[in-house]
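Notes for the one structure printed next.
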Amino acid sequence: MSTTNDEHLGKLRRYLKGIETGAFEDIADLFTPDTTVEQLPNRIYPNGVRFNASQMSEGFKKGRQLFSSQRYEIKSYAFHGDGLAAEVLWTGTLAVAFGNLKVGSQMRAHSAMFLNFENGKIAAQRNYDCFEPW
């Protein structure tokens, strides 16, 4: 059974909603067991970061501690075979102080997300995150 572009987009939407709610267990089935996620160098991760599916749950827990809310808005997207590229705007409201930002401050990042699917599941993700100044 082949997966359609609409199904891939639906999985991206479900994935981003899962990050917003902080419930990795609700979306764990979207990923292959050997999924890799890579964030290219940015203000938060100057050397970039790479992690696997088993490390994602811990990242979700950390996100719930750092942010009182997170929101993703898909601005545009394109498909290429089993790949999906999306331009996404992320807004996070801080639950704790971060650098010179106070609790309740918002952080924003404009992201290019590239997802590769295998057998209808996310097998790889690569992000280029551009944070607005703070």
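The values are calculated or read from the model by the stated rules, or taken from the named source; none is laboratory data. All values derive from a computational prediction rather than experimental measurement. Neighbour counts run over all protein chains shown; Cβ positions are idealised from the backbone, glycine included. The protein model used for the area step is the full one, side chains on, heavy atoms only, and it has no ligands, DNA or RNA in it. Shrake-Rupley method; radii C 1.70, N 1.55, O 1.52, S 1.80 Å.
Looking at region 12-33, which of the residues that are at pLDDT below 95 and touching a Phe, Trp or Tyr at 6+ places or on another chain (Cβ under 6 Å) is farthest from Gln125 (Cα to Cα)?
Result: Gly22.
Pick out the one residue from Asp29, Asp34 that is open to solvent by 90 Å² or more (accessible area, probe 1.4 Å), among the acidic types (Asp, Glu) and over 20 Å from Glu87 (Cβ atoms).
Step by step, each of Asp29, Asp34 is checked, and only Asp34 is open to solvent by 90 Å² or more (accessible area, probe 1.4 Å), among the acidic types (Asp, Glu) and over 20 Å from Glu87 (Cβ atoms).
For residues that are without any contact (Cβ under 8 Å) to a residue 24 or more places away in the chain and open to solvent by less than 30 Å² (accessible area, probe 1.4 Å), tally how many sit in region 110-134.
0
Output the residues belonging to region 68-91 that are of a type in the set (Val, Ile, Thr) and either open to solvent by 60 Å² or more (accessible area, probe 1.4 Å) or farther than 15 Å from Gly10 by Cα (or both).
Passing the criteria: only Thr91.
Here is a check on your reading of the model: is Pro41 in contact with a Gly (Cβ under 9 Å, 6 or more places away or on another chain), loosely packed, with under 13 Cβ neighbours inside 10 Å and closer than 27 Å to Phe98 by Cα?
yes
On the given criteria, is Ile19 on the phi < 0 side of the Ramachandran plot, crowded, with 17+ Cβ neighbours inside 10 Å and free of Cβ contacts under 8 Å to residues at least 24 places away in the same chain?
Answer is no for this residue.
Listed residues Ala97, Ala85, Ala28; which is of a type outside the set (Ser, Thr, Tyr) and free of Cβ contacts under 8 Å to residues at least 24 places away in the same chain?
Ala97
Please go through region 40-99 and pick out each residue that is closer than 19 Å to Pro133 by Cα, assigned to a strand (DSSP E or B) and more than 15 Å from the chain's Cα centre (by Cα).
Within region 40-99, Thr93, Leu94, Phe98 qualify.
Considering each residue of region 45-54, count those that are surrounded by 14 or more Cβ atoms within 10 Å (Cβ to Cβ) and in contact (Cβ under 8 Å) with a residue 12 or more places away in the chain, and give that number.
Number of matching residues: 2.
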